[in-house]
Amino acid sequence: MTVTLAEVLAARDRRAAIQRELLAQYGKPLLCLTMNIPGEEKVFPAVERAFDAGCAAIRKTVGGALVYERVLREATGCEAFFVCDLPAAELKRRAVKIEEATPVGRLYDMDVLDERGEKLSRGEMRKCIVCGGPVSVCSRSRAHGLPALEAKVRELLEPFSNE
């Protein structure tokens, strides 16, 4: 199913509202997992399986510190929210480790918000999935077309395509 930019932006606003709600309710750091999937189709079986693997990795790495979890599967993408009883900096360190542990981790977008709702930075810039250069430069200049990005994403998702 294809989605429009308006739908993606509305999903982002809904995600921010959920984040505010969970921070207010629990007062603990929050890890949010989404998938970086370019193009109009955000969800298909390989994406869902890769997302599930990301959720499993998060559950494993936070262990007993997991306080609350919510998973959403929308046409605009899969989203998961994990409230954790860990210092936000430690939660971010663990999230980055998951992102960097496997090739598909490059498609994971794990945002960590501290108990005040401040988003923690990963410290170092992510690399472009196509050329390995700084993602901000390639993204800003649109150095690679959508077909190249989609091809690389499908390559990264290949291990999840036939499960």
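A few remarks follow.
- Complete set of residues in region 101-137 that are hydroxyl-bearing (Ser, Thr, Tyr) and either in a strand (DSSP E or B) or farther than 22 Å from Ala53 by Cα (or both): Tyr108, Ser121, Ser136
- Test set (1) exposed (fewer than 13 other Cβ atoms within 10 Å of the Cβ); (2) of a type in the set (A, V, I, L, M, F, W, C); (3) within 24 Å of Asp13 (Cα to Cα) - Leu91 fails condition number: (1)
- Residue list for region 31-51, restricted to those being surrounded by fewer than 16 Cβ atoms within 10 Å (Cβ to Cβ) and either small (Gly, Ala, Ser) or part of a helix (DSSP H, G or I) (or both): Gly39, Pro45, Glu48
- Scanning region 138-163 for residues that are without any contact (Cβ under 8 Å) to a residue 24 or more places away in the chain and part of a loop (DSSP other than H, G, I, E, B) turns up Arg142, Ala143, His144, Gly145, Asn162.
- Residue within region 61-74 that is among the acidic types (Asp, Glu), surrounded by fewer than 19 Cβ atoms within 10 Å (Cβ to Cβ), in contact (Cβ under 8 Å) with a residue 24 or more places away in the chain and over 18 Å from Phe160 (Cβ atoms) present: yes
- Residue within region 52-61 that is closer than 18 Å to Pro103 by Cα, of a type outside the set (D, E, K, R) and touching a Gly at 6+ places or on another chain (Cβ under 7 Å) present: no
- Only one of the numbered conditions (1) among the acidic types (Asp, Glu); (2) at pLDDT below 80; (3) in contact with a helix residue (DSSP H, G or I) (Cβ under 8 Å, 6 or more places away or on another chain) is violated by Glu124, and that is (3).
- Top-ranked residue in region 122-163 [being within 16 Å of Asp109 (Cβ to Cβ) and polar (S, T, N, Q); ranked as surrounded by the most Cβ atoms within 10 Å (Cβ to Cβ)]: Ser139
- Subset of region 101-121 that is basic (Lys, Arg) and surrounded by fewer than 17 Cβ atoms within 10 Å (Cβ to Cβ) - its residue that is nearest to Leu23 (Cα to Cα): Arg116
- Pick from region 4-16, criterion under 15 Å from Thr34 (Cβ atoms) and among the small types (Gly, Ala, Ser), ranking: farthest from the chain's Cα centre (by Cα): Ala10
- Some residue of region 68-89 being modelled with pLDDT of 90 or more, of a type outside the set (S, T, N, Q) and assigned to a helix (DSSP H, G or I): yes
- Unique residue being touching a His at 6+ places or on another chain (Cβ under 6 Å), touching a residue at least 12 places away in the same chain (Cβ under 8 Å) and farther than 23 Å from Ala24 by Cβ when the list is Val130, Val104: Val130
- Among the conditions (1) buried (at least 18 other Cβ atoms within 10 Å of the Cβ); (2) modelled with pLDDT of 95 or more; (3) under 17 Å from the mean Cα position of the chain (by Cα), the only one that Lys28 does not satisfy is (3).
The values are calculated or read from the model by the stated rules, or taken from the named source; none is laboratory data. Model, not experiment: these values are computed from the prediction. With ideal geometry, Cβ positions are generated from the backbone for all residues, glycine too; neighbour counts draw on all protein chains shown.
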